[in-house]
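Enquirer: Below is the structure I would like to discuss, written out as structure tokens.
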DNA sequence: ACCTGAACACCGTTCAAGT
DNA sequence: ACCTGAACACCGTTCAAGT
């Protein structure tokens, strides 16, 4: 009945969020290897068993971290879209750039998001929804373009191909496996734009 | 001086290879999670410290496994190329198909190969060379086509874009993150072919 | 309702010691 | 030259117990 409990607060304050924040910090600082449950708990100032009040197991913590990542990525992609000129190639470039630079700036987080701690996906509805929002931004950009008559053909097929290309570029760059392209913006932007141009050529009606 | 020691054999027989074989079996059977050094040693019938005679640490064992993977992948891609009609689209499809179906048939192995236990790459010359052979097959297919006048533009840029797309498709399929495309051959082949056609359209001189 | 401490079954790695 | 056993410093997870 009292209003001082509007957000769920525990002894600690809000341990669930404190744990997530600690985990995100560890991910930035030490990469995926640094992300163990005991270290996260230590960082949040609680015993190593406290997290089990808030997450069923380590997997559940990772899923929550991944969900946060997809929400942030969707934000970046939405921002990129609104501040881009209303030209198809530029819109796709903005989306691709947001996608890939998110990955390059948060490597461990991106790896975690796109690591199928797999079937978790089907069960974790919130995680699934967050991920879906990201790739639907790309789908709707293509959908608009098709409505305008700028591109023809099978929308879903186009979208899958383009997304594959953006995702592959991101992963190869993150893992340092794209030969002769360092993570510097110039080479990355060139790769994104070239890829989009190649594919748009095939999508013209 | 004697000839009975042409291949290095130990008490065990050839523990190094026995360990690699055990690791590959575990990878198939249990995925990356099953690949711990003690389990590998147990499977090979030696104590859990014996592997350290042959691999500096777990990382080194993983790198050797990755190298085997790239060698096998290069084989599959080479075979695909030789048994494909001498038409550019078909040659690229054969390469993409070999690449992606390797990944789908050996998910844990592929994940490991393309997980940058990263800077290891720069140091491990054999691993680096094995990986390079794979993506040079794609580069030379495009190079031939350009020599024939079938495609124009910047060869390296084309190659990076196409490889990104093939890689992204493989990863998304492996991780079950390509919505509405199951791992069944039909949907996968359609995706590969569509992607190649889109890009080839942009490469025409 | 939320958290702790001891405990269990594991890891990777090191190091003296065995043959 | 090749392998073993005990040991160390860790994990994730469970469970009785505390407030």
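Rule-based calculations on the coordinates, nothing more; no lab input. These numbers come from a predicted model, not from an experiment. A quick note on method: Cβ atoms are made from the backbone with ideal geometry, for glycine too, and the neighbour counts reach across all protein chains shown.
Enquirer: Just to be sure I understand the model, the point goes 7 Å from the Cα along the line to the Cβ. What's the resulting residue B:148 to residue B:49 distance in nm?
Expert: Taking the two extended label points, one gets 6.0 nm.
Enquirer: Could you tell me whether region B:132-205 comes out rounded, prolate or oblate from its Cα gyration tensor? Rule is a ≥ b ≥ c as square roots of the eigenvalues, rounded for a/c under 1.5, then prolate if a/b exceeds b/c, otherwise oblate.
Expert: Numbers: a/c = 2.64, a/b = 1.89, b/c = 1.40.
Note, shape of region B:132-205 comes out prolate.
Enquirer: Most mobile of A:99, A:52, A:180 per a Gaussian network model of chain A (Cα springs, under 10 Å)?
Expert: Ranking A:99, A:52, A:180 by mean-square fluctuation puts A:180 first.
Enquirer: I've got another one for you. Could you give the distance between the Cα centres of region B:63-119 and region B:123-160, to the whole Å?
Expert: 14 Å
Enquirer: Also, quick follow-up: Of A:114, A:70, A:93, which is the most mobile in a GNM of chain A whose springs link Cα atoms less than 10 angstrom apart?
Expert: With Cα springs under 10 Å in chain A, the top fluctuation among A:114, A:70, A:93 is at A:114.
Enquirer: What number, in percent, do you get for the relative contact order of chain B if the mean sequence gap of Cα pairs under 8 Å and at least 6 apart is divided by its residue count?
Expert: Values: 188 pairs, mean separation 40.1, N = 205.
This gives 20 percent for chain B.
Enquirer: Other chains near B:131-140: what is the mean number of their Cβ atoms within 10 Å of each residue's Cβ?
Expert: Values: counts 2, 1, 0, 0, 4, 1, 0, 0, 1, 0.
For this peptide, the per-residue mean of nearby foreign Cβ atoms is 1.
Enquirer: Shielding by partners for A:148-158, please: the mean number of other protein chain Cβ atoms within 10 Å of each residue's Cβ.
Expert: On the way: counts 0, 0, 0, 0, 0, 3, 2, 0, 4, 7, 3.
Mean inter-chain Cβ contacts per residue within 10 Å come to 2.
Enquirer: Which shape class applies to region B:72-205: rounded if a/c is under 1.5, otherwise prolate when a/b exceeds b/c and oblate if not, where a ≥ b ≥ c are the square roots of the Cα gyration tensor eigenvalues? Mind showing how you got there, number by number?
Expert: Values: a/c = 1.70, a/b = 1.18, b/c = 1.43.
Since a/c reaches 1.5 but b/c is at least a/b, the shape of region B:72-205 is classed as oblate.
Enquirer: As a check on your reading of the symmetry: which chain B residue has its Cβ nearest the axis that brings B onto A, and how far is it in Å?
Expert: Looking at chain B's Cβ atoms against the axis toward A, the nearest is B:168, 1.
Enquirer: While we're looking at this one, here's another question. Take every Cα-Cα pair in region A:27-142 and report what % of them are more than 25 Å apart.
Expert: Tail of the P(r) past 25 Å holds 31 percent of the pairs.
Enquirer: To the nearest 10 degrees, how steeply does helix A:15-30 sit against the main Cα axis of chain A, on a 0 to 90 scale?
Expert: That helix lies at roughly 60 degrees to the long axis.
Enquirer: May I pose another question? First check a/c for the protein assembly as shown, with a ≥ b ≥ c the square roots of the eigenvalues of its C-alpha gyration tensor; if it is under 1.5, answer rounded, and if not, answer prolate when a/b is larger than b/c or oblate otherwise.
Expert: Working: a/c = 2.13, a/b = 1.02, b/c = 2.09.
Verdict is oblate for the protein assembly as shown.
Enquirer: Could you work out the helix-only [θ] at 222 nm for chain B, with each DSSP H run of four or more residues adding -39,500 (n - 2.57) and the total divided by the number of residues, to the nearest 500 deg cm²/dmol? Please report the intermediate quantities before stating the final value.
Expert: On the way: 9 runs with 140 residues, N = 205.
Value at 222 nm, helices only: -22500 deg cm²/dmol.
Enquirer: To the nearest 10 degrees, how steep is helix A:88-105 against the longest Cα principal axis of chain A, on a 0 to 90 scale?
Expert: Taking the Cα atoms of chain A, the angle to A:88-105 is about 30 degrees.
Enquirer: Across the residues of A:191-199, average count of Cβ atoms on other protein chains within 10 Å? Spell out each step's value before the answer.
Expert: Values: counts 4, 2, 2, 9, 10, 2, 5, 12, 8.
Shielding by partners across A:191-199 averages 6.
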